[in-house]
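Written below as structure tokens is the structure these notes are about.
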């Protein structure tokens with residue numbers, strides 16, 4: 001059975017929202033298209049599910065809580081605004097992600113956030 005857009009995005013978040021100890025790489029790769037296009041402030045544009053999974057796993061290790069603020073799904077696209085409490089960089093951070101889903105897999109993911117604290121770490 002093919003997942004709809006919202007179910008696919010929710011499955012993506014389920015792979016990491018409970019933190020690194022519960023990170024589920026196999027489930028993540030199941031919802032990502034192998035040639036997914038990913039874009040974010042610190043990395044620019046990248047392609048590939050394996051590369052994205054490495055970044056998501058690193059992020060998951062820092063997550064101590066996750067709270068969805070608002071979601072909007074229209075057809076094959078979905079936008080999510082959420083907050084996470086992170087250990088690195090420490091504090092509460094707000095993120096917006098924009099997804100395109102085709103055939104039950106994420107084909108594009110664009111992440112927006114204030115990268116100020118992250119830049120201090122590099």
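The values are calculated or read from the model by the stated rules, or taken from the named source; none is laboratory data. The shown structure was predicted, so the numbers you read here are calculated from the model rather than taken from an experiment. Note that we place each Cβ from the backbone using ideal geometry, even for glycine, and neighbour counts take in every protein chain shown.
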Some residue of the range 12-20 being modelled with pLDDT of 90 or more, buried (at least 18 other Cβ atoms within 10 Å of the Cβ) and assigned to a helix (DSSP H, G or I): yes
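Quick one: is residue 71 outside any helix (DSSP H, G or I), more than 12 Å from the chain's Cα centre (by Cα), surrounded by 13 or more Cβ atoms within 10 Å (Cβ to Cβ) and at pLDDT below 95?
Working: outside any helix (DSSP H, G or I): yes; more than 12 Å from the chain's Cα centre (by Cα): yes; surrounded by 13 or more Cβ atoms within 10 Å (Cβ to Cβ): yes; at pLDDT below 95: no.
Taking the combined requirement at face value, the residue does not satisfy it.
For the range 77-103: of the residues being in contact with a helix residue (DSSP H, G or I) (Cβ under 6 Å, 6 or more places away or on another chain) and at pLDDT 95 or above, which is farthest from residue 37 (Cα to Cα)? Quick ask: steps written out before the conclusion?
Of the range 77-103, the ones in contact with a helix residue (DSSP H, G or I) (Cβ under 6 Å, 6 or more places away or on another chain) are 78, 89, 99, 101.
Filter again for at pLDDT 95 or above, leaving 78, 99, 101.
On the way: 78: 15, 99: 10, 101: 11 Å.
Only one residue fits best here, namely 78.
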Residue within the range 22-43 that is in contact with a helix residue (DSSP H, G or I) (Cβ under 8 Å, 6 or more places away or on another chain), surrounded by fewer than 18 Cβ atoms within 10 Å (Cβ to Cβ), at pLDDT 95 or above and part of a strand (DSSP E or B) present: yes
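Table: residues versus (1) touching a strand residue (DSSP E or B) at 6+ places or on another chain (Cβ under 9 Å); (2) surrounded by 17 or more Cβ atoms within 10 Å (Cβ to Cβ); (3) in contact (Cβ under 8 Å) with a residue 12 or more places away in the chain.
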position	(1), (2), (3)
87	yes, no, yes
92	yes, no, no
99	yes, yes, yes
104	no, no, yes
110	yes, no, yes
117	yes, no, yes
